[in-house]
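Peer 1: Questions regarding the structure given below will be posed in turn.
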Amino acid sequence: MAGKTRRNFTDEFKAETVALLESSDRPLSQLSQELGIEQSILRAWRRKLRPSGAQSPRPDTATSHGHAVTVPAITADQAEIRRLRRELERVQMERDILKKAIGIFSGPVK
């Protein structure tokens, strides 16, 4: 294993990467390639950081004391604003993760 150095990632970087993976429409393989991180490592981070059996809730329902409650319909403008806010949040998260990745990859070579 000459020439290979082990990279250490902060817990914050791992959490942000998993959040990006969960919120992004991109497959794990694509995100792995973009960040230069093995797919198996991303899967392990996701498994460790995601609560067991947790799935993202459906956007049209909410829970109240364990019972599903239908959320009132929203206007097209409200839906567009929500979509744009989610997209902005995802893009900002991507930017922050890429900034951190650049810092990690351009760090001192040991």
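The values are calculated or read from the model by the stated rules, or taken from the named source; none is laboratory data. In this text, all values refer to a predicted model and were calculated from it rather than measured experimentally. Reconstructed Cβ throughout: ideal geometry from the backbone, glycine too, with neighbour counts over all protein chains shown.
Peer 1: Given the residues P27, P51, P59, which is the only one that is modelled with pLDDT under 85, loosely packed, with under 15 Cβ neighbours inside 10 Å and closer than 23 Å to V91 by Cβ?
Peer 2: Residue meeting the stated conditions: P59.
Peer 1: Is it the case that some residue within the range 67-80 is surrounded by fewer than 11 Cβ atoms within 10 Å (Cβ to Cβ) and modelled with pLDDT of 85 or more?
Peer 2: No - not one qualifying residue is present in the range 67-80.
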